[in-house]
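The structure appears below as structure tokens.
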Amino acid sequence: MRCPECGSEEKGKFCARCGAALTGAPRRCAACGAGYEAGALYCGQCGEPTGNRPVKPATAYLPWVLSGLALAAFAVAITLFIRGQAATRAPGMPPTGAVIESQGGGAPAGGPPASGMPSAVELASMSPREAADRLYDRAMSTDEAGDHARAQFFAGMAIQAYAALPPEESDLDARFHRGLLQLVMDDPEAAAAESSALLAADPDHLLGLVLVARIAEQRGDQAARRSAYERFLGALPAGLVSGRPEYEMHDGLLETEAERAREIIGG
């Protein structure tokens, strides 16, 4: 007997595939009493729903399956990156890119490679901010090494990680990181939004001025770059004694930028 619901050939009183009764009794509308074909969704006479549910093909669920697989793949990529690519930090070292700034953006001289394996204890205790900062470190050090395409891969992951941070963890240091990452992504407009936020908090913010100078450099605007560096050098003495934690975390970068600014302005 052919099942009136799914059309499969079955034996017995109920369909083994969908559970529908195989009695062969005619189906009638509960509202008007008119008969209707098996599998009909609405009565042909009065439009009353029959209570049958449409059978979806397996392909209808494909977008959801692909979305789930993509999300799982991203989670695995983050995990593998942290386990196999991020640098192990020295005790007490802040997770803010200080590793790469000891030489203005590259790996520390004579130190371990940036792909060192972090300890299991470190992985277990890593916060979302620490994971974002690890991705930032990797993106910047890879870009400094000249592998721009791979650096953009890590930068994209880092930008997403910073975007997911709670508001209390998205401080000025995080904004500076996002600005530099946007420059790695060749998006000076997005970087300019981060520099504007930094300078809105403090018009003489050293990291905001560094970001403005780097944005101008990427745009090829030498006048704007020189102006930003002039403001940077003017604000540098007071900034260095201000005690801002983000300045202490980026002391190597600030020193490098000061040397670069003096060369440009003096040249």
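The values are calculated or read from the model by the stated rules, or taken from the named source; none is laboratory data. Only a predicted model underlies this, so the values are computations on that prediction, with no experimental measurement involved. As a convention, Cβ positions derive from the backbone with ideal geometry for all residues, glycine included, and neighbour counts pool all protein chains shown. Note: areas computed on protein heavy atoms with side chains; ligands, DNA, RNA excluded. Shrake-Rupley method; radii C 1.70, N 1.55, O 1.52, S 1.80 Å.
Output wanted: per-residue J couplings in Hz (rounded whole) for region 141-151, from phi through Karplus 6.51 cos²θ - 1.76 cosθ + 1.60, θ = phi - 60°, x for Gly and Pro.
Rounded to whole hertz, the list is 5, 5, 5, 4, 6, x, 9, 5, 5, 5, 4.
Compute the Cα gyration tensor for region 127-170, then decide on rounded, prolate or oblate, letting a ≥ b ≥ c be the square roots of its eigenvalues: rounded whenever a/c is under 1.5, prolate when a/b is larger than b/c in the other cases, and oblate in all that remain.
Because a/c hits 1.5 or more and a/b exceeds b/c, region 127-170 counts as prolate.
Expressed as a whole percentage, what fraction of the accessible surface of region 205-267 belongs to carbon and sulfur atoms when a 1.4 Å probe is rolled over the protein heavy atoms?
50
Could you give the nm distance between label points at Arg226 and Glu255, where each point is 7 Å from its Cα heading toward the beta carbon?
Here the modelled spin labels are 2.9 nm apart.
Report, by chain and number, residues whose modeled amide H sits under 5 Å from the one on Tyr42, excluding near sequence neighbours (fewer than 5 apart, same chain).
Here Thr50 satisfy the definition.
With every protein chain present, what accessible area does Cys18 have (1.4 Å probe, heavy atoms only), rounded to the nearest 10 Å²?
My reading of the accessible area for Cys18 is about 70 Å².
Using a/c under 1.5 as the rounded threshold, could you call region 149-252 rounded, prolate or oblate? The axes a ≥ b ≥ c are square roots of the C-alpha gyration tensor eigenvalues, and prolate needs a/b larger than b/c, oblate otherwise.
On the way: a/c = 2.01, a/b = 1.19, b/c = 1.68.
Verdict is oblate for region 149-252.
In the full protein assembly as shown, how much of Arg219 is accessible to a 1.4 Å probe, in Å² to the nearest 10?
Roll a 1.4 Å probe over it and Arg219 shows about 120 Å².
State the extension gain, in nm to one decimal, for the chain segment bounded by Glu189 and Tyr42, taking 0.36 nm per residue of separation less the distance between their alpha-carbons.
47.4 nm
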